[in-house]
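Beneath this line is the structure, given in structure tokens, with notes to follow.
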Amino acid sequence: MNAYLSYTIRRLVLTVPILWGVFTVTFILFFIVPGDPARLIMGQHRDPAMQAAMQKQWGLDQPKHVQYWGFLKKMVVLDFGRSFTTKREVTQSILQRLPATAVLGLPSLTLGLLLGVAAGLWSAMRANRAVDNTIRFVTFSLVSIPFFLLAICLQWLFGQHLRILPISGYINGPWGWLHLVLPVFAMTLGSFAGLTRLTRTAVLEVLTEDYIRTAKAKGLPELVVVVRHALRNAMIPLVTNLSVSVAGALTGAFFVEAVFAWPGIGLLAVDAINNRDFPVIMGTVMFGAVLFVIADIVGDLLTACVDPRVALK
Amino acid sequence: MSTQIPHAGPLLDVSGLTVDFRTLAGPVRAVHGVDLAVMPGEVVGLVGESGCGKTQTCLSISRLIHPSGRIGGRHILFEGTDLLQLGEREMRRLRGARISMVFQEPMSSLNPCLSIGEQLSEPLVLHQGMDWRQAGRHAAEMLGRVGIPEAKQRCREYPHQLSGGMRQRAMIAMALICRPKLLLADEPTTALDVTVQAQILALMLELREQTGAAVLLVTHNLGVVAQSCDRIYVMYAGQVVEEGTTAAIFGRPEHPYTRGLMRSVPRLRPPAGSPDRLESIPGTVPRLDTPLPGCRFHSRCAYAEPRCSSEPPEVRAVEPGHLSRCHFAGQLDHGGAPR
Ligand SMILES: Nc1ncnc2c1ncn2[C@@H]1O[C@H](COP(=O)(O)OP(=O)(O)OP(=O)(O)O)[C@@H](O)[C@H]1O
Ligand code: SF4
Ligand SMILES: [Mg+2]
């Protein structure tokens, strides 16, 4: 356990330069892309004096390096400043919206993982038979269709056509959970498809290994061979790439929240980008980066748990 | 069940065994009518060049060939039961309990993610209904018996922490842990260092004596069969070409292929007058995906006569228990001299 702890600490230290890099790139991108946030807020009624005042208030009139250091210094203590548009503390907004995103992301990631691994396993066990071909066709289609298109199709089918589910928003109350169904479904489909394909490939590869033949030679039933001897080894590439799955889920959340008007962190980010709301953009990007880095570390720890050949260094 | 009745006669009786594969290039008959018998407690060698079908013969006895293959034949009788007629369930009950296997690659034949103890315990839990604790104790004891020091500690380790020889010892322990009646050992020592080979072989034979298991020992090393086997089957291109006691096969080989194999064994002290160069059989094994009229060995045979290329030879008994698949079995030394 000690090895795990010291490994985690070392990895956390190493994330500092990564986060700094993400910050720098985001900063540069924001100022490369043309468009002045103050000008955007005023819309049709352009008033140069007011525009200058707003720029001054947000510090946008200062030299770039001064702004850079100013932001960086505050960010170390998790202070991203206030939103240009809503004037609210960015950290506060993110924390406030975290539950909405979690309530969407955690169930769909869990469901996608369970269903994806199960379907991938089933597919591999029946390789090139009807079940496998069906699963492959469905998941291939799901992976190929752009995510937002899928979400819109679901809205149309269940909301417009069948009229059995609300298509967007987030309402408290006894039937509020109904609003969860479509977005969770859409997000689950996304991670399900990718994980099914990953699992199928990994299991098929492991099934050709000599130790699978050894397991069969012991007289073990097929299910035990597949679950105890194949799945465990097939999970190695999956947990190693946990961060990739989480990154996929983050991107998914981004689209799903936008399409379903789900008031989570993804929607916060989409709105911020539309408004060129720099502090919020930076806050949400850094939030995503931290999640990704944590997933990466957890993935490595899990790999070391599953694969005895891997030693944490 | 028939396994309870004391069974006289062979433990294993394979008759007319065929193994066919469908490949992209067309059908391949890897095993072509093999007859083979193993008596209880006997050590039987199966030798031949690479690709002659030794592994497929072995695997089809426990019905573990690749799914793209088909096993055919008259019967595979094990303790009087025809394995070809058994359902998958009954077959599983035999595997690991009464018929065990040891494979060539100790590196890849053990699961890298399960501890040695777990892997050794599995057959006990499955076939003898032990709980994992009890099975773990037996596993450690068995590991000790195959000469692995600090067996308790080793049980907790994983395959990558053991040397190749240790792993093969663990494989043998695993195969014998349920005291099977038949051990199918497919080149158990080929992947090991020469020095370790002899130890592993000795260990296998010692344990065999203790447990009374019969062994079908697959190898292409004639030295190994000479040391350890009671009887020998020589395979060529999917067929058994000669069968006999070790003394008979080494003393009076009656098939030209067997003679060729013997000559290709390096000798420490070559008999006076013989060339000290290693004499391998010229030519290559015929492809199995095309029909082979005549004797399968004729293109490489030093004794071949015209009829050999068109007329497939029958199996003939040279003496009781010594069979050869050659038109000139028993008269090689009197008929045409090798060209
Ligand atoms: N899955 C398969 N598909 C097609 N052909 C196969 C397959 N497995 C084996 N064969 C063929 O069966 C033949 C016999 O193979 P086998 O493995 O029994 O040889 P072997 O005598 O054990 O050789 P080696 O000494 O190299 O282990 C080979 O010629 C091979 O081409
Ligand atoms: S039958 Fe003819 S070709 Fe075949 S082994 Fe005998 S002599 Fe050689
Ligand atoms: Mg082989």
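Summary value for the stretch B:97-161: 40 percent relative contact order, contacts being C-alpha pairs under 8 angstrom separated by 6+ residues. Per residue, the accessible area of the stretch A:3-76 comes to 67 Å², computed with a 1.4 Å probe over protein heavy atoms only.
Sorting B:165-175, A:37-47 by average packing, meaning the other beta carbons within 10 Å per residue, from highest down gives B:165-175, A:37-47.
Taken as Cα centroids, the stretch B:96-161 and the stretch A:113-135 sit 31 Å apart, rounded to the nearest whole angstrom.
Here the scattering of the protein assembly as shown is modelled by Debye summation over its C-alpha atoms, one equal scatterer each and no solvent; at q = 0.06, 0.07, 0.09 Å⁻¹ the log10 of I(q)/I(0) is -0.53, -0.66, -0.87. Would you mind estimating how fast the stretch A:3-76 diffuses translationally, via Stokes-Einstein at 4 °C and 1.567 mPa s with the Kirkwood radius over Cα pairs, in µm²/s? D = 87 µm²/s.
Averaged over the residues of B:91-101, the number of partner chain Cβ atoms lying within 10 Å of the residue Cβ comes to 3. Each listed q (0.15, 0.17 Å⁻¹) maps to a log10 I(q)/I(0) for the stretch B:97-174 from the Debye sum over equal C-alpha point scatterers, namely -0.44, -0.57.
The C-alpha atoms of chain A define a longest principal axis, and helix A:64-76 lies at about 50 degrees to it. Partner shielding of B:53-64 amounts to 1, given as the average count of beta-carbon atoms from other chains within 10 Å of each residue beta-carbon.
In angstrom, the C-alpha Rg and Dmax of the stretch A:222-313 are 17.9, 57. Residues whose amide H comes within less than 5 Å of that of residue B:75, counting only those at least five positions distant or on another chain, are B:15 (H built at 1.01 Å from N in the peptide plane).
Burial annotation for the stretch B:118-144: residues with an accessible-area loss of at least 40 Å² between the isolated chain and the complete set of protein chains, computed on heavy atoms with a 1.4 Å probe, are B:122, B:126. One way to sum up the overall shape of chain A is the equivalent ellipsoid from its Cα gyration tensor, whose semi-axes run 43, 27, 15 Å, largest first. Taking amide H positions as modeled 1.01 Å from N, with prolines and chain starts lacking one, the residues under 5 Å from residue B:37 and 5 or more places away or on another chain are B:14.
Please sort B:89-102, B:307-320 by packing, taking for each peptide the average over its residues of neighbouring beta carbons within 10 angstrom, highest first.
Details: B:89-102: 21.2, B:307-320: 14.2.
Descending mean neighbour count gives B:89-102, B:307-320.
Helix A:2-32 and the longest principal axis of the C-alpha atoms of chain A enclose an angle of approximately 40°.
Strictly over 31 Å apart at the Cα level, which of A:64/A:87; A:218/A:313; B:54/B:181; A:74/A:313; A:64/A:313 would you flag in this model? Over 31 Å Cα-Cα: A:218/A:313; A:74/A:313; A:64/A:313. Here the Karplus curve 6.51 cos²θ - 1.76 cosθ + 1.60, taken at θ = phi - 60°, turns the phi angles of the stretch B:40-49 into couplings of x, x, 7, 10, 10, x, 10, 10, x, 5 Hz, with x standing for Gly and Pro.
Averaging over all projection directions, find the projected area of the Cα convex hull of chain B and quote it in nm² with one decimal place. List each step's numbers first, then the result.
Details: hull surface 75.6 nm².
Answer in nm², one decimal: 18.9.
Using a probe radius of 1.4 angstrom, the carbon and sulfur fraction of the accessible surface of the protein assembly as shown is 62%. Against the main long axis of the alpha-carbon atoms of chain A, helix A:278-306 sits at an angle near 20°. Amide H contacts of residue B:236 (H built 1.01 Å from N, in plane; Pro and chain starts excluded): B:241 sit under 5 Å, all sequence-distant by 5 or more or on other chains.
In chain B, which helices (entire DSSP H runs) extend 20 Å or more along their own long axis, judged by Cα positions, while averaging at least 0.5 on the Kyte-Doolittle scale? Helices passing the filter in chain B: B:194-211. The A and B chains share an interface that buries close to 2100 Å² of accessible area, total over both sides, probe 1.4 Å. Along the stretch A:90-98 the Karplus relation, 6.51 cos²θ - 1.76 cosθ + 1.60 evaluated at θ = phi - 60°, assigns HN-Hα couplings of 5, 4, 4, 4, 5, 4, 5, 8, 4 Hz to successive residues, with x for each Gly and Pro.
Mean per-residue shielding of peptide A:204-217 is 6, counting Cβ atoms of other chains within 10 Å of each Cβ.
Just so you know, the Rg over Rh for the stretch B:1-80 is 1.02, from Cα atoms, with Rh as the Kirkwood radius.
The values are calculated or read from the model by the stated rules, or taken from the named source; none is laboratory data. Predicted model only: the values in this text are computed from it and were never measured. Using ideal geometry, Cβ is built from the backbone for each residue, glycine included, and neighbour counts are taken over all protein chains shown. Accessible surface areas use protein heavy atoms only, side chains included; no ligands, DNA or RNA. Shrake-Rupley method; radii C 1.70, N 1.55, O 1.52, S 1.80 Å.
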